[in-house]
There are 2 protein chains.
Amino acid sequence: MYTQPELKKIIDTSLVNLSYNQESERLTDPVKYVLSIGGKRLRPVLALLVCDMYGDKIDEAVIPVTGLEVFHNFTLVHDDIMDRAPVRRGFSTVHTKWNVNQAILSGDIMAFMTNECLLQSPLNILQKVFRIFNKTAIEVCVGQQLDMDFEKATIVSREEYIRMIELKTAVLIAASARIGALFGGADDREADIMYEFGRNLGIAFQIRDDILDTYGDKKVFGKTTGGDILARKKTFLYVRAMEIASTEQKKKLQELYTADNDPVSKVREVTELYDQLRIRSFSESLMEDYHRSAMGFLEKAGTAADRKTELSNLAGSLFGRDN
Amino acid sequence: MYTQPELKKIIDTSLVNLSYNQESERLTDPVKYVLSIGGKRLRPVLALLVCDMYGDKIDEAVIPVTGLEVFHNFTLVHDDIMDRAPVRRGFSTVHTKWNVNQAILSGDIMAFMTNECLLQSPLNILQKVFRIFNKTAIEVCVGQQLDMDFEKATIVSREEYIRMIELKTAVLIAASARIGALFGGADDREADIMYEFGRNLGIAFQIRDDILDTYGDKKVFGKTTGGDILARKKTFLYVRAMEIASTEQKKKLQELYTADNDPVSKVREVTELYDQLRIRSFSESLMEDYHRSAMGFLEKAGTAADRKTELSNLAGSLFGRDN
């Protein structure tokens with residue numbers, strides 16, 4: 001069976017070997033740039049791990065699941081325009097390095113490059129693969145819209161928040177796991193189990209991201225903390241704080257979130273409020289709940305336990321539990 | 001056999017019956033809006049006419065070719081952002097009526113709604129349909145990029161211009177005809193002929209659009225003339241003028257195109273220059289050449305002449321030759 005680093009290398013190679021329309025470098029250069037910046041390649045690697053767990057034959061899956069990474073990067077390019085984000089993974093975003101028009105259009109092209117990858121699925125699963133992909137792609141767009149809506153909303157309930165991150169982040173991880181299962185020859189029941197594994201893992205992963213944005217070690221996390229606070233993002237930390245804060249604390253948090261005061265003191269004051277409310281430990285424990293659910297679904301999968309080791313390692317590594 | 005108005009009605013109904021994700025009206029309202037504004041539904045109607053010419057059985061094709069209209073509108077929504085166009089078909093554009101972010105995202109969702117439509121193609125042609133669609137979708141993006149590049153370029157050759165409109169406009173009309181042929185059960189040779197029919201028709205159609213933007217009757221054309229001149233678009237009229245203008249005329253045309261003077265006099269002066277250079281009649285004759293080529297390919301199609309009448313009527317109606 002393949003290890004996670006082996007599969008990451010396979011996906012990186014597959015991304016480099018994507019074919020491009022030759023008539024406009026102005027359009028394909030941004031795509032090559034964004035796909036070369038890196039990242040964990042979580043979605044295709046997860047898909048290949050699931051495929052490998054069931055089927056021991058990943059070759060046919062490599063190009064199709066590469067499409068999941070292309071799609072993920074498509075969403076990042078467009079989201080970064082909408083969020084006016086200047087930097088992603090330590091590099092200038094496409095609309096900053098080029099311009100908004102090229103970012104819209106090179107994002108668009110990635111959506112169709114995704115199709116080209118997926119289209120290389122074997123005919124017997126092609127429709128199933130595309131159906132789950134389309135549904136998921138639309139859900140991811142809806143998740144981004146909800147995320148933007150929430151920036152303007154005063155109150156966001158925990159249910160609304162969880163649904164938003166489920167759509168924006170978790171369903172694509174879930175779909176990756178399901179598509180991997182289809183390539184591995186798993187039946188619908190098994191594919192459903194893997195979807196739930198991915199969905200729960202994805203929610204846990206996003207809650208962790210929220211926690212790290214405020215409490216992460218800059219050296220480990222690779223970006224300055226407090227970005228979500230400054231961008232007025234309704235993170236899980238904020239949502240939870242608003243659940244349990246006193247009237248006075250609520251007022252203060254809302255004021256801090258909307259005021260245009262000094263960024264450093266703003267981040268510090270919001271964090272202090274979170275500390276008073278023990279938001280970090282509560283969030284970590286919710287994250288653990290989702291992570292545990294994910295592992296429960298992995299246990300349910302109908303393959304031998306020793307075939308699950310790599311997937312279990314991946315799930316652990318997402319939460320900083322590498323050995 | 002079906003007539004053009006009958007097929008337009010079928011497509012309009014199919015567009016109304018599209019299913020939408022129910023979780024974000026903020027995202028689906030712009031899609032419903034843009035799809036309800038109307039237009040000729042040229043691409044799906046053409047596809048169904050070609051299908052009907054070969055096969056006499058359009059039912060299976062209706063939903064998949066509806067996707068071609070959804071895709072076309074996706075490109076309009078994103079192009080209008082890039083071109084900063086406030087109005088389309090007499091209605092506010094999506095980014096004007098809502099905002100740029102919603103226009104990006106509701107455009108994105110239309111790309112995946114297109115996939116959902118195409119996915120309903122029968123399995124025996126599904127890969128062929130998707131392959132031609134993906135290739136075409138990427139080409140349309142490249143065409144839009146070239147169009148934007150040309151706005152900044154001083155000199156655009158006729159070859160470059162024709163290639164740009166081929167990509168931006170003609171290949172989707174060509175692909176629609178090819179997809180119609182596939183649904184009608186035509187073989188690859190016939191599908192190629194129909195592609196060429198559509199490609200030539202599309203180029204003629206775009207040259208006509210360029211002519212009408214300067215010389216059209218506002219009442220018939222539905223928009224104010226001179227828009228391309230004010231947007232500094234390198235239309236065929238401009239490209240041709242730069243081919244044959246004297247050094248002095250070239251200088252004047254460039255100055256007029258780039259200057260920020262009064263719009264009314266700007267349009268008048270550019271038009272006068274075009275008149276001096278007999279640009280209109282030359283452009284019309286080139287348009288006729290492409291139209292004639294298209295009709296030549298239609299003649300080559302391997303079906304009885306009486307099955308070609310509706311397609312021939314459609315081709316005529318695009319050039320104002322309705323009876």
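Of the listed requirements (1) in contact (Cβ under 8 Å) with a residue 40 or more places away in the chain; (2) of a type outside the set (Asp, Glu); (3) in contact with a His (Cβ under 8 Å, 6 or more places away or on another chain), residue A:107 misses just one: (1). Hey, any hits in region B:15-23 for a residue that's charged (D, E, K, R) and either closer than 20 Å to residue B:173 by Cβ or part of a helix (DSSP H, G or I) (or both)? No. Within region B:93-103, identify whether any single residue is surrounded by fewer than 18 Cβ atoms within 10 Å (Cβ to Cβ) and touching a residue at least 24 places away in the same chain (Cβ under 8 Å), and answer yes or no. Yes, there is a match, as at least one residue in region B:93-103 is surrounded by fewer than 18 Cβ atoms within 10 Å (Cβ to Cβ) and touching a residue at least 24 places away in the same chain (Cβ under 8 Å). Only a single criterion out of (1) under 21 Å from residue A:141 (Cβ atoms); (2) at the interface with another protein chain (Cβ under 7 Å from one of its Cβ atoms) is not satisfied by residue B:146, namely (1). Just so you know, in region B:26-54 the residues that are in contact with a Lys or Arg (Cβ under 9 Å, 6 or more places away or on another chain) and of a type in the set (D, E, K, R) include one that is surrounded by the fewest Cβ atoms within 10 Å (Cβ to Cβ), and it is B:40.
Of note, residue A:241 does not satisfy the criterion of being closer than 25 Å to residue A:65 by Cα and modelled with pLDDT of 95 or more. Taking the conditions exactly as written (touching a residue at least 40 places away in the same chain (Cβ under 8 Å) and within 21 Å of the chain's Cα centre (by Cα)), does residue A:26 satisfy them or not? No; evaluated as a whole, the condition is false for this residue.
Here's the yes/no breakdown for (1) at pLDDT below 95; (2) assigned to a helix (DSSP H, G or I); (3) surrounded by fewer than 20 Cβ atoms within 10 Å (Cβ to Cβ):
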site: A:108; (1), (2), (3): no, yes, no
site: A:115; (1), (2), (3): no, yes, no
site: A:135; (1), (2), (3): no, yes, yes
site: A:143; (1), (2), (3): no, yes, no
site: A:151; (1), (2), (3): yes, yes, yes
site: A:165; (1), (2), (3): no, yes, no
site: A:170; (1), (2), (3): no, yes, no
site: A:175; (1), (2), (3): no, yes, no
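Of all positions in region B:247-261, at least one carries a residue that is under 30 Å from residue B:39 (Cβ atoms) and out of contact with any helix residue (DSSP H, G or I) (no Cβ under 6 Å at 6 or more places or on another chain).
For region B:91-143, a residue qualifies if it is touching a Ser or Thr at 6+ places or on another chain (Cβ under 7 Å) and facing chain A (nearest Cβ under 8 Å), and exactly one does: B:142. Taking residue B:187, is it farther than 19 Å from residue A:106 by Cβ, away from chain A (no Cβ under 14 Å) and free of Cβ contacts under 8 Å to residues at least 12 places away in the same chain? Criteria met by residue B:187. Meeting the requirement of 2 or more residues that are under 23 Å from residue A:146 (Cα atoms) and in contact (Cβ under 8 Å) with a residue 24 or more places away in the chain, the helices (runs of 4 or more DSSP H) wholly within region A:220-323 are A:227-230, A:236-244, A:247-258, A:279-300.
Among the residues of region B:16-61, how many are on the phi > 0 side of the Ramachandran plot and within 14 Å of chain A (Cβ to nearest Cβ)? Adding up the residues that qualify gives 0.
For region A:139-176, the candidate set comprises residues that are of a type in the set (Gly, Ala, Ser) and over 25 Å from residue B:110 (Cα atoms); within that set, the residue that is farthest from the chain's Cα centre (by Cα) is A:153.
Taken as a whole, the condition of being surrounded by 18 or more Cβ atoms within 10 Å (Cβ to Cβ) and within 19 Å of residue B:199 (Cβ to Cβ) applies to residue B:290. Among the residues of region A:153-163, those that are away from chain B (no Cβ under 12 Å) and assigned to a helix (DSSP H, G or I) comprise A:158, A:159, A:161, A:162.
Looking only at residues of region B:63-90 that are within 13 Å of chain A (Cβ to nearest Cβ) and small (Gly, Ala, Ser), we find that the one that is surrounded by the fewest Cβ atoms within 10 Å (Cβ to Cβ) is B:85.
The values are calculated or read from the model by the stated rules, or taken from the named source; none is laboratory data. Because the structure is predicted, anything quoted here is derived from the model rather than measured. Here Cβ is always computed from backbone atoms with ideal geometry, including for glycine, and neighbour counts include all displayed protein chains.
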